[in-house]
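Visitor: Attaching a single structure in structure tokens format; questions to follow.
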Amino acid sequence: MAPNSSPSPFDASPIDLSVPIRFDGSQTALFNLPSASRQWARTDGFCGQVAGGASCNVETLTITPHVHGTHTECVGHITQRRMSLMDTWRPGPIRAILVSVTLPEGRGSEAHRFGVSARELESSVERITPGTGHADTLVPRAIILRTQTRIDGDSQGEAAARGRHLSVEAATWIRTAGFEHLLIDAPSVDPMDDGGRLAAHRAFWGMAPGSVEPDPVTPGPDPRTMTITELIAIPGNVQDGHGWLDIQIPPFDSDAAPSRPLFYPDVSQRSRHTNP
């Protein structure tokens, strides 16, 4: 695909791909970590609760971004040297392609060994690219993967164990295809328990197995500016195709932060569906 300076027409009402953190409701249960929590802020002589007589409500939130809700992470997630998402992420709309992929068949430990294949991923992208009007003349920088994972409470951990992750070959293909940002509707691009290898993470960021530092000269996009967004939710009535993506991320000085990806399908695709 060749770049084109002409913008693609899109509907200004976005589709929210994030999973909210419901402090008093159902939450994702991963890695046996405690649920996200909140409590009224307290100091000497003050409790931040209007119902308790305070002038305003003030809460202290306790979360683990990698576990609770939709989150975006940078290569600092797997590096020995601290690297911050705040220093690598550049906010603003980018071109993206939303793709549904078929998961490998299998049961139990057999399914756990497999992930979305590079062949399946490549064929899914090629199936969408033709016939998208002038949208296909704009190079997408982000790929949004729909594996049909349910996003509700404990189902996330179970879904990952059923193979909702990427094969190393698929992660490598995404990188070599030039995508800088990867979004997926699963808890992780790797199996929940892969012995700490995080092989798909490393493949996407162009790092050798076991490496703890990014290689800035490896072929493909600069790993220091690439991101992975996990635990997204894609409404079932949203069609595959091209659009604009705005990943809203607070300026946390950390390798990961809660995020809210907003997808704006091109007008040619928006006409085929409506928001729920």
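Visitor: List the residue pairs whose Cβ atoms are under 7 Å apart, where the first residue sits in the stretch 18-41 and is touching a residue at least 40 places away in the same chain (Cβ under 8 Å) and farther than 13 Å from Gly69 by Cα, the second is in a loop (DSSP other than H, G, I, E, B) and β-branched (Val, Ile, Thr), and the two are 6 or more positions apart or on different chains.
Guide: That search, which allows pairs on different chains as well, returns Phe31/Val67.
Visitor: Right, next: Would you be able to say whether some residue in the stretch 201-215 is in contact with a Gly (Cβ under 8 Å, 6 or more places away or on another chain), under 18 Å from Ile144 (Cα atoms), modelled with pLDDT under 95 and acidic (Asp, Glu)?
Guide: no
Visitor: Could you check the stretch 225-254 and list, in sequence order, the residues that are out of contact with any Gly (no Cβ under 9 Å at 6 or more places or on another chain), surrounded by fewer than 19 Cβ atoms within 10 Å (Cβ to Cβ) and not in a loop (DSSP other than H, G, I, E, B)?
Guide: Within the stretch 225-254, Thr225, Gln248 meet the criteria.
Visitor: Among the residues that make up the stretch 137-155, is at least one of them crowded, with 20+ Cβ neighbours inside 10 Å, touching a Pro at 6+ places or on another chain (Cβ under 9 Å), at pLDDT below 90 and not in a loop (DSSP other than H, G, I, E, B)?
Guide: No, that holds for no residue.
Visitor: List, please: which pairs have Cβ atoms under 7 Å, are six or more places apart or on different chains, and start with a residue in the stretch 71-100 that is without any contact (Cβ under 8 Å) to a residue 12 or more places away in the chain and end with one that is buried (at least 22 other Cβ atoms within 10 Å of the Cβ)?
Guide: No pair meets every condition.
Visitor: Follow-up. Mind checking which residues of the stretch 86-113 are in contact with a helix residue (DSSP H, G or I) (Cβ under 7 Å, 6 or more places away or on another chain) and modelled with pLDDT of 85 or more?
Guide: If the condition is that a residue be in contact with a helix residue (DSSP H, G or I) (Cβ under 7 Å, 6 or more places away or on another chain) and modelled with pLDDT of 85 or more, then Thr88, Ile97, Val99, Ser100, Val101 are the ones that fit.
Visitor: Next question, about the same structure. Do we find a residue being within 16 Å of the chain's Cα centre (by Cα) and of a type outside the set (Val, Ile, Thr) anywhere in the stretch 208-222?
Guide: No, the conditions are met nowhere in the stretch 208-222.
Visitor: Could you list all residues from the stretch 253-276 that are at pLDDT 80 or above, in contact with a helix residue (DSSP H, G or I) (Cβ under 7 Å, 6 or more places away or on another chain) and among the hydroxyl-bearing types (Ser, Thr, Tyr)?
Guide: Ser254 - this is the single residue of the stretch 253-276 that is at pLDDT 80 or above, in contact with a helix residue (DSSP H, G or I) (Cβ under 7 Å, 6 or more places away or on another chain) and among the hydroxyl-bearing types (Ser, Thr, Tyr).
Visitor: Check Pro7 against each of (1) modelled with pLDDT under 95; (2) part of a strand (DSSP E or B) and name the one condition it does not meet.
Guide: Here Pro7 clears every test but (2).
Visitor: What number goes with the only condition from (1) part of a loop (DSSP other than H, G, I, E, B); (2) in contact with a strand residue (DSSP E or B) (Cβ under 8 Å, 6 or more places away or on another chain); (3) closer than 27 Å to Thr102 by Cα that Met192 does not pass?
Guide: Just one mismatch for Met192, condition (2).
The values are calculated or read from the model by the stated rules, or taken from the named source; none is laboratory data. Bear in mind that the values here come from a model prediction, so they are computed numbers and not experimental data. Note: ideal-geometry Cβ built from the backbone for every residue, glycine included; neighbour counts use all protein chains shown.
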